[in-house]
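Please read the structure below before turning to the comments.
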Amino acid sequence: MFEFIVSYYNYWMFIILMMIGFYAMAAKRNLVKKIIGMNIFQSAIILYYISVSVKGGGVSVPILEHAHDGHGAHHAVDIMQYANPLPHVLMLTAIVVMVATLGVALSVVIMIYKRYNTLEEDEIIMSIRKG
Amino acid sequence: MKILSFIAVILVGAALIYGSLDMPKWGDPNSPASSHVSPYYLRHSMADTATPNVVTSVLADYRGYDTLGETTVVFTAGMACLLLLKGRRKN
(Lines give C-alpha, C1' and ligand atoms only; values in the text may rest on other atoms or scores of the structure.)
Protein backbone atom coordinates (compact mmCIF):
# COMPACT_ATOMS: atom_id res chain seq x y z
CA MET A 1 0.00 0.00 0.00
CA PHE A 2 2.75 2.45 0.99
CA GLU A 3 4.74 1.54 -2.14
CA PHE A 4 1.63 2.08 -4.26
CA ILE A 5 1.17 5.58 -2.83
CA VAL A 6 4.85 6.46 -3.34
CA SER A 7 4.76 5.22 -6.95
CA TYR A 8 1.93 7.54 -7.96
CA TYR A 9 2.24 10.37 -5.44
CA ASN A 10 3.94 12.73 -7.89
CA TYR A 11 1.21 12.31 -10.52
CA TRP A 12 -1.54 13.01 -7.96
CA MET A 13 0.19 16.12 -6.62
CA PHE A 14 0.63 17.55 -10.10
CA ILE A 15 -2.97 16.71 -11.02
CA ILE A 16 -4.14 18.62 -7.89
CA LEU A 17 -1.93 21.60 -8.80
CA MET A 18 -3.21 21.51 -12.39
CA MET A 19 -6.83 21.44 -11.19
CA ILE A 20 -6.18 24.48 -8.96
CA GLY A 21 -5.05 26.34 -12.08
CA PHE A 22 -8.02 25.03 -14.08
CA TYR A 23 -10.45 26.18 -11.39
CA ALA A 24 -8.86 29.64 -11.37
CA MET A 25 -9.20 29.83 -15.16
CA ALA A 26 -12.83 28.68 -15.14
CA ALA A 27 -14.36 30.30 -12.04
CA LYS A 28 -12.51 33.55 -11.34
CA ARG A 29 -13.99 36.76 -12.77
CA ASN A 30 -10.84 38.84 -12.78
CA LEU A 31 -8.78 38.55 -15.96
CA VAL A 32 -5.42 38.79 -14.18
CA LYS A 33 -6.48 35.99 -11.82
CA LYS A 34 -7.34 33.90 -14.89
CA ILE A 35 -3.82 34.49 -16.24
CA ILE A 36 -2.30 33.48 -12.89
CA GLY A 37 -4.40 30.29 -13.08
CA MET A 38 -3.05 29.60 -16.57
CA ASN A 39 0.49 29.96 -15.23
CA ILE A 40 -0.21 27.52 -12.37
CA PHE A 41 -1.60 25.05 -14.93
CA GLN A 42 1.50 25.29 -17.12
CA SER A 43 3.83 25.02 -14.12
CA ALA A 44 2.05 21.79 -13.09
CA ILE A 45 2.69 20.32 -16.56
CA ILE A 46 6.37 21.32 -16.40
CA LEU A 47 6.81 19.74 -12.94
CA TYR A 48 5.10 16.57 -14.20
CA TYR A 49 7.50 16.22 -17.13
CA ILE A 50 10.54 16.82 -14.91
CA SER A 51 9.33 14.14 -12.49
CA VAL A 52 8.97 11.69 -15.41
CA SER A 53 12.68 12.09 -16.22
CA VAL A 54 13.85 10.65 -12.86
CA LYS A 55 15.28 7.12 -12.92
CA GLY A 56 15.16 5.76 -9.38
CA GLY A 57 17.38 7.02 -6.59
CA GLY A 58 20.87 8.42 -7.09
CA VAL A 59 20.45 9.98 -10.52
CA SER A 60 22.12 13.30 -11.21
CA VAL A 61 21.50 16.02 -13.77
CA PRO A 62 22.33 14.96 -17.35
CA ILE A 63 25.78 16.58 -17.46
CA LEU A 64 28.40 13.95 -18.24
CA GLU A 65 31.20 13.57 -15.69
CA HIS A 66 34.88 13.18 -16.61
CA ALA A 67 34.07 14.57 -20.05
CA HIS A 68 37.18 16.71 -20.32
CA ASP A 69 39.71 14.19 -19.01
CA GLY A 70 41.11 13.71 -22.51
CA HIS A 71 39.50 10.35 -23.20
CA GLY A 72 35.95 11.57 -22.56
CA ALA A 73 34.65 10.74 -26.01
CA HIS A 74 35.63 7.08 -25.66
CA HIS A 75 34.40 6.75 -22.08
CA ALA A 76 31.44 4.39 -21.73
CA VAL A 77 28.47 6.26 -20.26
CA ASP A 78 26.41 4.59 -17.56
CA ILE A 79 22.93 5.75 -18.52
CA MET A 80 21.49 4.78 -15.13
CA GLN A 81 23.60 7.48 -13.53
CA TYR A 82 21.95 10.38 -15.33
CA ALA A 83 18.36 11.60 -15.52
CA ASN A 84 16.55 11.42 -18.85
CA PRO A 85 17.59 14.59 -20.76
CA LEU A 86 14.69 14.63 -23.20
CA PRO A 87 11.90 15.92 -20.86
CA HIS A 88 14.23 18.69 -19.71
CA VAL A 89 14.70 19.83 -23.32
CA LEU A 90 10.98 19.66 -24.09
CA MET A 91 10.22 21.70 -20.96
CA LEU A 92 12.72 24.38 -22.03
CA THR A 93 10.55 24.76 -25.15
CA ALA A 94 7.41 24.76 -22.99
CA ILE A 95 8.84 27.50 -20.74
CA VAL A 96 9.43 29.64 -23.84
CA VAL A 97 5.83 29.11 -24.97
CA MET A 98 4.65 29.93 -21.41
CA VAL A 99 6.52 33.24 -21.38
CA ALA A 100 5.22 34.10 -24.87
CA THR A 101 1.58 33.44 -23.93
CA LEU A 102 2.01 35.35 -20.65
CA GLY A 103 3.39 38.40 -22.47
CA VAL A 104 0.67 38.47 -25.12
CA ALA A 105 -2.07 37.87 -22.51
CA LEU A 106 -0.82 40.69 -20.28
CA SER A 107 -0.64 43.15 -23.17
CA VAL A 108 -4.19 42.20 -24.23
CA VAL A 109 -5.28 42.79 -20.60
CA ILE A 110 -3.63 46.23 -20.67
CA MET A 111 -5.58 47.10 -23.84
CA ILE A 112 -8.85 45.88 -22.23
CA TYR A 113 -8.20 48.00 -19.14
CA LYS A 114 -7.49 51.08 -21.25
CA ARG A 115 -10.79 50.68 -23.08
CA TYR A 116 -13.20 49.56 -20.31
CA ASN A 117 -11.42 50.83 -17.13
CA THR A 118 -12.04 47.50 -15.39
CA LEU A 119 -10.73 43.94 -15.41
CA GLU A 120 -13.85 42.26 -13.98
CA GLU A 121 -15.37 40.03 -16.63
CA ASP A 122 -19.06 40.68 -15.87
CA GLU A 123 -18.56 44.46 -15.81
CA ILE A 124 -16.86 44.27 -19.22
CA ILE A 125 -19.76 42.20 -20.62
CA MET A 126 -22.28 44.69 -19.17
CA SER A 127 -20.56 47.67 -20.75
CA ILE A 128 -20.38 45.83 -24.10
CA ARG A 129 -24.14 45.14 -23.97
CA LYS A 130 -24.89 48.80 -23.16
CA GLY A 131 -22.97 49.72 -26.32
CA MET B 1 -21.51 29.26 -12.04
CA LYS B 2 -18.83 28.60 -9.41
CA ILE B 3 -20.55 25.35 -8.42
CA LEU B 4 -20.64 24.29 -12.09
CA SER B 5 -16.95 24.92 -12.67
CA PHE B 6 -16.09 23.19 -9.37
CA ILE B 7 -17.99 20.10 -10.51
CA ALA B 8 -16.19 20.20 -13.85
CA VAL B 9 -12.82 20.50 -12.10
CA ILE B 10 -13.60 17.54 -9.83
CA LEU B 11 -14.70 15.41 -12.80
CA VAL B 12 -11.58 16.22 -14.85
CA GLY B 13 -9.35 15.61 -11.83
CA ALA B 14 -10.98 12.25 -11.13
CA ALA B 15 -10.53 11.22 -14.78
CA LEU B 16 -6.86 12.24 -14.69
CA ILE B 17 -6.21 10.38 -11.42
CA TYR B 18 -7.91 7.29 -12.91
CA GLY B 19 -5.63 7.64 -15.96
CA SER B 20 -2.52 8.11 -13.81
CA LEU B 21 -2.90 4.55 -12.46
CA ASP B 22 -1.77 3.25 -15.88
CA MET B 23 1.36 5.43 -15.89
CA PRO B 24 4.80 3.90 -15.18
CA LYS B 25 5.79 4.07 -11.53
CA TRP B 26 7.83 7.02 -10.28
CA GLY B 27 11.52 6.55 -11.01
CA ASP B 28 11.03 3.44 -13.16
CA PRO B 29 14.25 3.20 -15.23
CA ASN B 30 12.52 1.11 -17.94
CA SER B 31 9.63 3.52 -18.45
CA PRO B 32 8.84 4.37 -22.11
CA ALA B 33 10.05 7.96 -21.65
CA SER B 34 13.60 6.89 -20.78
CA SER B 35 14.03 3.77 -22.92
CA HIS B 36 13.78 4.79 -26.60
CA VAL B 37 15.99 7.68 -27.70
CA SER B 38 17.32 9.11 -24.45
CA PRO B 39 19.98 6.33 -23.97
CA TYR B 40 21.25 7.16 -27.48
CA TYR B 41 21.56 10.84 -26.57
CA LEU B 42 23.38 10.06 -23.30
CA ARG B 43 25.82 7.60 -24.94
CA HIS B 44 26.64 9.52 -28.11
CA SER B 45 26.55 13.12 -26.90
CA MET B 46 30.32 13.42 -26.38
CA ALA B 47 31.24 11.69 -29.65
CA ASP B 48 28.68 13.52 -31.78
CA THR B 49 28.68 17.03 -30.36
CA ALA B 50 31.62 17.25 -27.87
CA THR B 51 29.26 18.69 -25.26
CA PRO B 52 29.13 17.16 -21.77
CA ASN B 53 25.80 18.83 -21.03
CA VAL B 54 23.34 16.50 -22.74
CA VAL B 55 20.44 18.96 -22.46
CA THR B 56 22.44 21.53 -24.42
CA SER B 57 23.47 19.05 -27.08
CA VAL B 58 19.89 17.85 -27.61
CA LEU B 59 18.50 21.40 -27.61
CA ALA B 60 21.03 23.01 -29.92
CA ASP B 61 22.23 20.07 -32.04
CA TYR B 62 19.93 17.04 -32.31
CA ARG B 63 16.77 19.14 -32.17
CA GLY B 64 18.19 22.33 -33.66
CA TYR B 65 15.24 22.93 -35.98
CA ASP B 66 12.91 22.75 -32.99
CA THR B 67 14.89 25.54 -31.32
CA LEU B 68 14.78 27.53 -34.55
CA GLY B 69 10.99 27.29 -34.52
CA GLU B 70 11.01 28.27 -30.85
CA THR B 71 12.77 31.53 -31.68
CA THR B 72 10.00 32.13 -34.23
CA VAL B 73 7.48 31.73 -31.39
CA VAL B 74 9.32 34.26 -29.23
CA PHE B 75 9.66 36.67 -32.15
CA THR B 76 5.94 36.42 -32.96
CA ALA B 77 5.00 36.99 -29.30
CA GLY B 78 7.29 40.01 -29.07
CA MET B 79 5.85 41.45 -32.28
CA ALA B 80 2.29 40.89 -31.00
CA CYS B 81 3.12 42.69 -27.72
CA LEU B 82 4.72 45.60 -29.60
CA LEU B 83 1.79 45.94 -32.01
CA LEU B 84 -0.76 45.76 -29.18
CA LEU B 85 0.96 48.27 -26.93
CA LYS B 86 2.47 50.71 -29.43
CA GLY B 87 0.53 50.14 -32.65
CA ARG B 88 -2.35 52.62 -32.54
CA ARG B 89 -0.73 55.45 -30.59
CA LYS B 90 -1.16 57.97 -33.45
CA ASN B 91 -4.89 57.55 -34.13
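The values are calculated or read from the model by the stated rules, or taken from the named source; none is laboratory data. No experiment lies behind these values; they were computed from the predicted model shown. Please note: Cβ atoms are built from the backbone with ideal geometry, for glycine as well, and neighbour counts cover all protein chains shown.
Look at the stretch B:44-69: where a residue is more than 7 Å from chain A (Cβ to nearest Cβ) and a partner is among the acidic types (Asp, Glu), sitting 6+ places away or on another chain with Cβ atoms under 6 Å, you get B:THR49/B:ASP61.
Being at pLDDT below 90 and crowded, with 17+ Cβ neighbours inside 10 Å narrows it down to one residue among A:LEU17, A:LEU31, A:LEU86, A:LEU64; which is it? That would be A:LEU64, the only listed residue that is at pLDDT below 90 and crowded, with 17+ Cβ neighbours inside 10 Å.
Does B:GLY87 satisfy the condition of being exposed (fewer than 14 other Cβ atoms within 10 Å of the Cβ) and at pLDDT 90 or above? Answer is no for this residue. Taken over the stretch B:1-43, the criterion of being closer than 30 Å to B:VAL55 by Cα, more than 7 Å from every other protein chain (Cβ to nearest Cβ) and in a helix (DSSP H, G or I) is satisfied by B:GLY19, B:PRO32, B:TYR40. Residue count for the stretch A:1-54 satisfying the condition of being within 11 Å of chain B (Cβ to nearest Cβ) and charged (D, E, K, R): 3. Among the candidates B:ALA33, B:ALA47, B:ALA14, single out the residue that is within 30 Å of A:TYR9 (Cβ to Cβ) and at pLDDT below 90. Being within 30 Å of A:TYR9 (Cβ to Cβ) and at pLDDT below 90 holds for just one of B:ALA33, B:ALA47, B:ALA14, which is B:ALA33.
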